[in-house]
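**Student:** The structure that follows is given in the form of structure tokens.
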């Protein structure tokens, strides 16, 4: 199945490429996670933060997704690794579900490799997107 086009803000792509560079330099993250994120960024269409549609997942977005295999719904905020906090449902962009979500929009279905096979996830709702709220500093 061909992967859908994703959208990345100019601000997010700069920060995420820097994250990948630093993580590789200091060996802080597993290379497979960095490679997966880099592949997603390479295929993304870069859009200015001020014009990205409000239905696209950007960094610091709070989203609700549904696992189409189990019907389980999950709400989380997509964050940079240093802000990860599972008690506050803050998931790193380097976690498989975080990398899978970046750049997709409401209604999209993502097929993503997980340890037990292939997960089908549907983006149900964006509860908060920094750009839509004009929070460009996040």
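The values are calculated or read from the model by the stated rules, or taken from the named source; none is laboratory data. Worth saying up front: this structure is predicted, and the values here are computed from it rather than measured. Note that each Cβ is placed from the backbone with ideal geometry, even for glycine, and that neighbours are counted across all protein chains shown.
**Student:** Here is a list: 98, 103, 107. Which entry is in contact with a helix residue (DSSP H, G or I) (Cβ under 9 Å, 6 or more places away or on another chain), within 13 Å of residue 123 (Cα to Cα) and either in a loop (DSSP other than H, G, I, E, B) or in contact (Cβ under 8 Å) with a residue 40 or more places away in the chain (or both)?
**Tutor:** Just one listed residue meets the conditions, 103.
**Student:** Please determine, by comparing only the residues of segment 106-120 that are surrounded by 12 or more Cβ atoms within 10 Å (Cβ to Cβ) and over 14 Å from residue 40 (Cβ atoms), which one is modelled with the highest pLDDT.
**Tutor:** 106
**Student:** Looking only at residues in segment 121-133 that are under 23 Å from residue 19 (Cα atoms) and in contact with a helix residue (DSSP H, G or I) (Cβ under 9 Å, 6 or more places away or on another chain), which one is surrounded by the most Cβ atoms within 10 Å (Cβ to Cβ)?
**Tutor:** 131
Here's the yes/no breakdown for (1) more than 21 Å from residue 97 (Cα to Cα); (2) surrounded by 15 or more Cβ atoms within 10 Å (Cβ to Cβ); (3) modelled with pLDDT of 90 or more:
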{"residue": "2", "(1), (2), (3)": "no, no, no"}
{"residue": "14", "(1), (2), (3)": "no, no, yes"}
{"residue": "25", "(1), (2), (3)": "yes, no, no"}
{"residue": "41", "(1), (2), (3)": "no, yes, yes"}
{"residue": "51", "(1), (2), (3)": "yes, no, yes"}
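**Student:** Still on this structure: Scan (1) within 14 Å of the chain's Cα centre (by Cα); (2) part of a loop (DSSP other than H, G, I, E, B); (3) farther than 24 Å from residue 15 by Cα for the single condition residue 122 breaks and write down its number.
**Tutor:** Every listed condition holds for residue 122 apart from (2).
**Student:** With in contact with a strand residue (DSSP E or B) (Cβ under 7 Å, 6 or more places away or on another chain) and either part of a helix (DSSP H, G or I) or crowded, with 16+ Cβ neighbours inside 10 Å (or both) as the only criterion, which of 32, 20, 75, 91 stands out?
**Tutor:** Checking each option against the conditions leaves just 91.
**Student:** Kindly check whether there is at least one residue in segment 56-77 that is without any contact (Cβ under 8 Å) to a residue 60 or more places away in the chain, under 15 Å from residue 33 (Cα atoms) and out of contact with any helix residue (DSSP H, G or I) (no Cβ under 8 Å at 6 or more places or on another chain).
**Tutor:** No: zero hits.
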